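Student: Let me give you the structure first, and then I'll get to my questions.
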Amino acid sequence: MKRSALAFALLAAFGLAQATSHQHDMAAHETQAAMPQGTGVVKALKTGKVQIAHEPIPALDWPAMTMWFDLKSPAAHDIKVGDRVRFEMMQDDRKKWAIVKMEHQ
């Protein structure tokens, strides 16, 4: 009886350790999958590119600045120069930041 209780306790502890490890792995994956977000004002638009005067982006430790971004998906047709926007970005295969989602703020 004592052996089966000990075996059960060991199995339960092992299962708990596995579940905790899995939750930790999932949390790390979700953090990596989160895309940095920013807000700013559209200063210029070109085919496949947008220039934004953005506010600080704490996730990247960036101060406020104006810069060009590639657009990985077409900008909404109603976004124009002067609009305040919210955007999400990710690094492309060249480690260059590109906007993958942009919408009116």
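The values are calculated or read from the model by the stated rules, or taken from the named source; none is laboratory data. No experiment lies behind these values; they were computed from the predicted model shown. Here Cβ is always computed from backbone atoms with ideal geometry, including for glycine, and neighbour counts include all displayed protein chains. Ligands, DNA and RNA are excluded from the accessible area calculation, which covers all protein heavy atoms including side chains. Shrake-Rupley method; radii C 1.70, N 1.55, O 1.52, S 1.80 Å.
Student: Are there any pairs, at least 6 apart or on different chains, whose C-beta atoms fall under 8 Å, with the first in region 81-105 and without any contact (Cβ under 8 Å) to a residue 24 or more places away in the chain and the second open to solvent by less than 90 Å² (accessible area, probe 1.4 Å), and if so, which?
Tutor: Matching pairs, first to second residue: GLN91/TRP97; GLN91/ALA98; ASP92/ASP70; ASP92/ALA98.
Student: Could you grab the pairs with beta carbons closer than 9 Å, sequence gap of 6+ or different chains, first residue in region 36-48 and in contact (Cβ under 8 Å) with a residue 60 or more places away in the chain, second one among the aromatic types (Phe, Trp, Tyr) and open to solvent by less than 40 Å² (accessible area, probe 1.4 Å)?
Tutor: Pairs found: THR39/PHE87.
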